[in-house]
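This report concerns only the one structure given below.
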Amino acid sequence: MSSKGERRKQEKRAKQKKKRNAASVRRTRQSARLAPKSLAEVTGWPVGECFVSENWYEHGPYVHAIFTRRASDGALAGAVFEVDLAERGLVVAKPLSGLTDGMLQSELVTRSQEHAMVSHDGPLVAKLVEVATAMTEEAGGRLPRALAAAREIFGDVSADDCPHDLKTGAPPPPPPARRPGIIARALDKLFGG
């Protein structure tokens, strides 16, 4: 049988749990009220932080990219993209209309497994998506179903404003190893190298 003190502790824990659950429900409802129905509704919001994998400038990299917009009241919306500039083109396009700061951090951590995500400007993300889309279409591949919805977030941000060139296709093979010259081989034989 439990003592009177143990029952009070159980009741207290139950009340605290109920309060935490109620607070969680309030936060969820508030973010649902702030969340736009589609990303087309957020194109008037200022561009927020944008991120790309740190290897984006290499030849034919696999890149994760995140584009966000943030309203003056703190509401956040974004889209996540994955591009394979070596072969497949656009692999993933996912709109994130009910985004929170915690969800954004979670996406960054998840997508930083192979290469760290670094902050970059929005036009680079738009250009990555545009180039990868063209690659997929040229190869006759299938574009992600959510591409149109995810692209809406770009609004007036154009890939044409990105000053960077993207290197697509398979990376070139490394140059063949040079054989040592006749003098170097003779010296190696002479001195036992």
Legend entry - Number of the exception - Ala177 against (1) outside any loop (DSSP other than H, G, I, E, B); (2) loosely packed, with under 12 Cβ neighbours inside 10 Å; (3) among the small types (Gly, Ala, Ser): (1)
Legend entry - Number of the exception - Ala134 against (1) hydrophobic (A, V, I, L, M, F, W, C); (2) at pLDDT below 95; (3) more than 16 Å from the chain's Cα centre (by Cα): (2)
Legend entry - Residue, surrounded by the fewest Cβ atoms within 10 Å (Cβ to Cβ), within segment 138-162, restricted to residues that are free of Cβ contacts under 8 Å to residues at least 40 places away in the same chain and closer than 14 Å to Ala126 by Cβ: Asp160
Legend entry - Which numbered condition Ala134 fails, given (1) in contact with a Gly (Cβ under 9 Å, 6 or more places away or on another chain); (2) open to solvent by 30 Å² or more (accessible area, probe 1.4 Å); (3) closer than 23 Å to Gly98 by Cα: (3)
Legend entry - Criterion violated by Ser97 - all others in (1) small (Gly, Ala, Ser); (2) over 17 Å from Arg69 (Cα atoms); (3) part of a strand (DSSP E or B) satisfied: (2)
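A quick yes/no check of all residues on (1) closer than 25 Å to Pro163 by Cα; (2) modelled with pLDDT under 95; (3) open to solvent by 40 Å² or more (accessible area, probe 1.4 Å); (4) assigned to a helix (DSSP H, G or I):
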site	(1), (2), (3), (4)
Ile66	yes, no, no, no
Asp73	no, yes, yes, no
Phe81	yes, no, no, no
Ala86	yes, yes, no, no
Leu90	yes, no, no, no
Ala93	yes, no, no, no
Glu107	no, yes, no, yes
Leu124	yes, no, no, yes
Glu130	yes, no, yes, yes
Legend entry - Count of segment 38-64 residues which are farther than 21 Å from Ser106 by Cα, assigned to a strand (DSSP E or B) and acidic (Asp, Glu): 0
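The values are calculated or read from the model by the stated rules, or taken from the named source; none is laboratory data. Note that the structure is a prediction, hence the values are computed from the model and not measured. Every residue, glycine as well, gets a Cβ built from its backbone with ideal geometry; the counts of neighbours run over all protein chains shown. Accessible surface areas use protein heavy atoms only, side chains included; no ligands, DNA or RNA. Shrake-Rupley method; radii C 1.70, N 1.55, O 1.52, S 1.80 Å.
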